[in-house]
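Report on the structure given below.
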Amino acid sequence: MTYAFRAYEYWLASYRRVWRGTIFSTILNPVLYLSALGVGLGKLVNRGHQLGVPYLHYVAPGILASTAMLIAAFESAWPVMGAIRWTRQFHAMLATPLRVRDVLLGHQLYALTRVGIASAIYLVVIAAFGAIHSWLAVFAFPAALLLGWSFSAPIAGLSGWLNREEGFNALFRFGVTPMFLFSGTFFPVSRLPQGIREIAYATPTWHGVDLLRGLTLGTASLLPSLGHVAYLAAWVGGGLWWARRTLTRRLVS
């Protein structure tokens, strides 16, 4: 892990030069979503009283989950491919005592740092909106990190496997964006048609949204929460295994 932290330090040093450009997507964009949907649209939804809580409180953990997903997905897509093919930072790192495992874990730590910063700030924001109902919300931060990791690890593997960046367009258009819209962020997945509903239940996004919503609203129970954690952890483990294989093939073989 010592060498992995060396790679992590590189990404942190690079981020210090560009962090101002990420303020909107990391902080302002989710807050605008929360204000427009939770406060604006929420006034209409609340008239039906079908969710059991104000719509703002319902949608807030969903947006937190989606933010973690989007940041993690982006950080493990083009930046990883760039470090392999264009700017070749990974090749430079491997010219030192670092190995593929160190390079991979260093970048994953950086992606989780980006997710963690955004999640911590956003939890403060939703607390200010009064959307925290339980002390269980203290577990929402590690849950958001786990959700982000369940995306960053396999997408890092995809980045090592793809030959062209056009594959990311399909990933975000047909994968990430539908999960943002139809995995329980804005409305219960049970409202979806049969067939699509089962696909939504199988996504890591739904498991993250349901886990975070239960923690912030205080409705989480032990066994379902452990099931969500185990499912997301499986994506992390499988993603790290695949990422190490694809990066080894690209950088060493």
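Couple of notes before you dig in:
- Residue within the stretch 163-176 that is touching a Pro at 6+ places or on another chain (Cβ under 8 Å), buried (at least 19 other Cβ atoms within 10 Å of the Cβ) and at negative phi present: no
- Any hit, the stretch 230-246, residues being under 26 Å from residue 53 (Cβ atoms) and modelled with pLDDT of 95 or more: yes
- Residue list for the stretch 111-125, restricted to those being under 18 Å from residue 3 (Cβ atoms) and over 13 Å from the mean Cα position of the chain (by Cα): none
- The stretch 204-249, residues that are over 20 Å from residue 151 (Cα atoms) and buried (at least 19 other Cβ atoms within 10 Å of the Cβ): 214, 215, 216, 217, 220
- For first residues located in the stretch 131-144 and over 17 Å from residue 117 (Cβ atoms), partners that are in a loop (DSSP other than H, G, I, E, B) and not polar (S, T, N, Q) and lie 6+ apart or on another chain with Cβ distances below 6 Å form the pairs 133/218; 134/218; 136/218; 136/220.
- When each of 211, 181 is tested for being modelled with pLDDT of 95 or more, assigned to a helix (DSSP H, G or I) and among the aliphatic types (A, V, I, L, M), the lone residue that passes is 211.
- Residue match in the stretch 130-148 (condition: closer than 17 Å to residue 79 by Cα and out of contact with any strand residue (DSSP E or B) (no Cβ under 6 Å at 6 or more places or on another chain)): yes
- Taking the stretch 184-203 as the range and being buried (at least 24 other Cβ atoms within 10 Å of the Cβ) and either on the phi < 0 side of the Ramachandran plot or at pLDDT 95 or above (or both) as the test, only 185 passes.
- Hits in the stretch 1-18 - residues which are modelled with pLDDT under 90, in a helix (DSSP H, G or I) and of a type in the set (A, V, I, L, M): 18
- Residue in the stretch 191-206 that is without any contact (Cβ under 8 Å) to a residue 12 or more places away in the chain, assigned to a helix (DSSP H, G or I) and closer than 18 Å to residue 112 by Cβ present: no
- For the criterion of being surrounded by 13 or more Cβ atoms within 10 Å (Cβ to Cβ), assigned to a helix (DSSP H, G or I) and at pLDDT below 95, residue 157 fails.
- Condition met for residue 131 (buried (at least 16 other Cβ atoms within 10 Å of the Cβ), more than 19 Å from residue 13 (Cβ to Cβ) and in contact with a His (Cβ under 8 Å, 6 or more places away or on another chain)): yes
- Listed here are the helices (runs of 4 or more DSSP H) enclosed by the stretch 38-119 that have at least 1 residues being under 26 Å from residue 141 (Cβ atoms), at pLDDT 90 or above and out of contact with any strand residue (DSSP E or B) (no Cβ under 7 Å at 6 or more places or on another chain): 55-75, 78-81.
The values are calculated or read from the model by the stated rules, or taken from the named source; none is laboratory data. Note that the structure is a prediction, hence the values are computed from the model and not measured. Glycine gets a Cβ as well: all are built from the backbone with ideal geometry, and neighbour counts include every protein chain shown.
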